[in-house]
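Worksheet: the structure to be examined is printed underneath.
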Amino acid sequence: MDARVKTYQDKMQKALDFLLADYQTIRAGRANPHVLDKIKVDYYGTPTPIQSVGNISVPEARMIQIAPWEKNLIKDIEKAILSSDIGITPSNDGAVIRLVFPELTEERRKDLAKEVKKKGEDAKVAVRNIRRDGNDAFKKLSKSDISEDEIKQLEDELQKETDKFIKEIDKAVDDKTKEIMTV
C-alpha cells in the first residue's frame, strides 16, 4: 500500500474505532461495564474515571457492582452516575454500589436501534470525507512530478479502502442493532 494512501487509511480506522467505542457505551438491556467509561468522579478535586477509584464487576447479567477502594467515595460515585446520561439510579449498602439494568421496552429498543443507525451513518460520512480529502490531495500532486496514471491508481486504492471501511461500519451497525433488539 502506498504511504500516501496509508495516511488516509489510518484516519478511516480512527473513525471506525471511535464508532465502536461509542457503541460500547450504549446500554442494550444487559450490564456492560463500558457504559461507565465516560463517567468521571470528583476524586479530591480531580475528575477521575470510575475505573480508577474502585473495582467494577458484573455479578449478574443485568447488574453492575462498583466497590470503591475508599468508602468515603460512595456518595461522589453515586452523584457522578446520577448526573450522567446512562439513566440508571444507583443503590448502595454502605460498601458497594449496585446498578440494576431494567429490561428495555420495545419502544426504547427501537429508539436505540435508530440511534445506532444514525451513528453508523455519521461514521460513513466521516470515512467519505476522508476519501474526498485524500482525492483532493492526490489531484494537487498532479501539478508536480506524478503521472495521471499514478494519481488514478492512488484514487482507486483509496476507494478500495473506503469500501472496506464502509462494509465494516455496516457490520458494526448490524451487530449492535441485533444486540439491542435481542430480548
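The values are calculated or read from the model by the stated rules, or taken from the named source; none is laboratory data. These numbers come from a predicted model, not from an experiment. In this analysis, Cβ positions are derived from the backbone assuming ideal geometry, glycine residues included, and neighbour counts consider all displayed protein chains. Accessible surface is based on the protein model in full, side chains and every heavy atom, while ligands, DNA and RNA are left aside. Shrake-Rupley method; radii C 1.70, N 1.55, O 1.52, S 1.80 Å.
Observations, loosely collected:
- Annotation: Cα Rg of region 11-103 relative to the compact-globule expectation 2.2 N^0.38 Å equals 1.12.
- Considering only Asp136, Asp145, Asp37, the mean-square fluctuation computed in a Gaussian network model of the chain, springs between alpha carbons under 10 angstrom, is largest for Asp145.
- When each of Lys79/Lys171; Lys71/Lys114; Lys139/Lys167; Lys40/Lys117 is checked by Cα-Cα distance, pairs over 32 Å: Lys79/Lys171; Lys71/Lys114
- Between region 94-135 and region 2-67, the Cα center-to-center distance that results, in Å: 13 Å
- Projected onto their three principal axes, the Cα atoms of the chain cover extents of 71, 41, 22 Å, largest first.
- Element breakdown for region 7-112 at a 1.4 angstrom probe: carbon and sulfur atoms account for 53% of the accessible area.
- Radius ratio Rg over Rh of region 93-132, counting only Cα atoms, Kirkwood formula for Rh: 1.34
- Amide hydrogen neighbours beyond the local backbone of Arg62, cut-off 5 Å, H modeled: Ala31
- Note: relative contact order over region 1-74, using C-alpha pairs below 8 Å and six or more positions apart, is 21 percent.
- For the chain, the residue among Gly54, Leu154, Val5 whose Cα projects farthest onto the positive side of the dipole built from Cβ charges is Gly54.
- In the chain, the longest principal axis of the Cα atoms and the axis of helix 106-141 are about 30 degrees apart.
- Rolling a 1.4 Å probe across the protein heavy atoms gives region 133-183 an accessible surface of 65 Å² per residue.
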